[in-house]
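Only one structure is covered here, and it is reproduced in the block below.
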Amino acid sequence: MTDFILNVLDQSPVTSATNPARAVAETVALAKHADALGYRRFWLAEHHNTSAFAGAAPEILIGHIAARTQYLRVGSGGIMLPHYSPMKVAEVFRMLDTLAPERIDLGLGRAPGGDARTAAALQAGPKAWPPEVFPQQVEMLLQFLEDAAGLSGEAGGFPDAHPYQGIHAQPLGENIVPVFMLGSGGDGAYHAAQFGLPYIYAHFINPDNLETALHAYRTHFRPSRFLDAPRVMMAVSALAADSDDEAQHFAKPRNIWAAQMMQNRAGRLPTIAEAEAYQPTDDEAALIDMIAGRSLTGTPAQVLERLDELREAHAIDEFFLLTLTPDITARKNSYTLMSTAAGLTRRAEAAE
């Protein structure tokens, strides 16, 4: 089991003992660590108006991290497109690709990444793009990206009669930034299939809809300029340690926080000490057990075995590992252990 393609998804978690600035600094340090371990991609999440995560502007972090790493493809997991102008997103990622050629990924999502009031506050105008126009937003974004790379006519870009013909997302360049579609339900799968894009399923959010979503994606997939055949990636909650007991110890804050989130009362990620002292109600204990069961936690061999089962059962091409624990040393160690277990090719150690 040494032919895995493993990636990192990071949310810049804020604990009750830290602050957002430290959370962002830990994300940057983790990216440099992953760069040396042989991971292929390092993606940043977008969340708004939450005390738990500091990653509100992945496009800024992408540029910062790309400048401090050498090998990783750095990307968004994802940009919540309904908040933004497709042209502006195209220009942001064209600039990122200009600064770090062929190392930038653009992952897209339809979810708001926050509550309804926050979504409204993010808009420059009176309201957000409604969900039903999301496909048109995606199409326009792809057209801007293709046009910026010099494509026209049947090769891509805008049709001759399009009102945006002649408007170019700057800076221009030959490379097309690769686009990916994220999802944890049916809609993202259909959109990915419609546009012929790679599909990343958020198993850590909703493992129960996995088979339905992948069936929809593969059944409705239409070959495109971007992809000849379906390509499926999966983001999983994973934490490895030297022993199963140690892994469960470091995963406990994640499980408690996720249970509280499901009850709409989550704050910052608890510390290890707070998690050890926490006394859940019977209902909470059931939620915590459920969350622990759907996460991949244990020794590197145990986690890799679970990944291999998912890969074989669902034909997964790449995995994103989301490791949520308040201990940054344990977080780094988990990625180190998984890199070794999966046989990733180590690189020259990045400077800390």
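The values are calculated or read from the model by the stated rules, or taken from the named source; none is laboratory data. Owing to the predicted nature of the structure, the values given are computational and were not obtained by experimental measurement. Using ideal geometry, Cβ is built from the backbone for each residue, glycine included, and neighbour counts are taken over all protein chains shown.
Is it the case, given these coordinates, that P163 is modelled with pLDDT of 95 or more and assigned to a loop (DSSP other than H, G, I, E, B)?
no
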Exercise. Name the pairs whose Cβ atoms lie under 7 Å apart, with the first residue in the stretch 245-270 and closer than 16 Å to F204 by Cβ and touching a residue at least 24 places away in the same chain (Cβ under 8 Å), the second part of a helix (DSSP H, G or I) and charged (D, E, K, R), and 6 or more positions between them or separate chains?
Worked result: A259/E284
Problem set entry | Residues satisfying the stated conditions in the stretch 60-80, i.e. buried (at least 20 other Cβ atoms within 10 Å of the Cβ) and not in a loop (DSSP other than H, G, I, E, B) | L61, I62, I65, A66, V74, G75, S76, I79, M80
Problem set entry | Test for R231: is it within 24 Å of S76 (Cα to Cα), in contact (Cβ under 8 Å) with a residue 40 or more places away in the chain and of a type in the set (K, R) | yes
Exercise. Going through the stretch 276-306 one residue at a time, which ones are modelled with pLDDT under 95 and in contact with a Leu (Cβ under 9 Å, 6 or more places away or on another chain)?
Worked result: P280
Problem set entry | Whichever residue in the stretch 248-275 is of a type in the set (A, V, I, L, M, F, W, C) and farther than 15 Å from T325 by Cβ and, among such residues, is modelled with the highest pLDDT | A259
For this session: Go through (1) in a loop (DSSP other than H, G, I, E, B); (2) farther than 20 Å from D208 by Cα and name the single condition I316 misses.
Result: (2)
Exercise. Is it the case that F180 is buried (at least 20 other Cβ atoms within 10 Å of the Cβ), over 21 Å from the mean Cα position of the chain (by Cα) and either assigned to a loop (DSSP other than H, G, I, E, B) or touching a residue at least 24 places away in the same chain (Cβ under 8 Å) (or both)?
Worked result: no
Problem set entry | Residue identified as of a type outside the set (F, W, Y), more than 15 Å from the chain's Cα centre (by Cα) and surrounded by 18 or more Cβ atoms within 10 Å (Cβ to Cβ) among A36, A17 | A36
For this session: Could you grab me the full set of residues in the stretch 278-302 that are within 12 Å of A238 (Cβ to Cβ) and crowded, with 19+ Cβ neighbours inside 10 Å?
Result: S295, L296, T297, G298, P300
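Being of a type in the set (A, V, I, L, M) and surrounded by fewer than 21 Cβ atoms within 10 Å (Cβ to Cβ) is the filter; apply it to the stretch 303-336 and report the residue that is farthest from K252 (Cα to Cα).
Residues of the stretch 303-336 that are of a type in the set (A, V, I, L, M), as a first pass: 303-304, 307, 310, 313, 315-316, 321-322, 324, 328, 330.
Narrowing the set further to residues that are surrounded by fewer than 21 Cβ atoms within 10 Å (Cβ to Cβ) leaves 310, 313, 315, 328, 330.
Numbers: L310: 23, A313: 28, A315: 30, I328: 14, A330: 13 Å.
Only one residue fits best here, namely A315.
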Seminar exercise, completed: Filtering the stretch 40-55 down to residues that are over 14 Å from the mean Cα position of the chain (by Cα) and surrounded by 17 or more Cβ atoms within 10 Å (Cβ to Cβ) yields H48, T50, A52, A54
Exercise. So which pairs qualify, if the first residue must be in the stretch 16-40 and under 18 Å from D327 (Cβ atoms) and free of Cβ contacts under 8 Å to residues at least 60 places away in the same chain, the second must be hydrophobic (A, V, I, L, M, F, W, C) and part of a helix (DSSP H, G or I), the Cβ gap must be under 7 Å, and the two must be at least 6 apart or on different chains?
Worked result: T27/L61; V28/I65; A31/I65
Problem set entry | Pick from the stretch 137-160, criterion of a type in the set (D, E, K, R) and not in a loop (DSSP other than H, G, I, E, B), ranking: modelled with the lowest pLDDT | E154
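Kindly indicate the residue of the stretch 82-136 that is in a loop (DSSP other than H, G, I, E, B) and modelled with pLDDT of 95 or more and also nearest to the chain's Cα centre (by Cα) among those meeting that condition.
R103
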Seminar exercise, completed: Out of (1) more than 25 Å from T271 (Cβ to Cβ); (2) touching a residue at least 12 places away in the same chain (Cβ under 8 Å), the one A54 does not meet is (1)
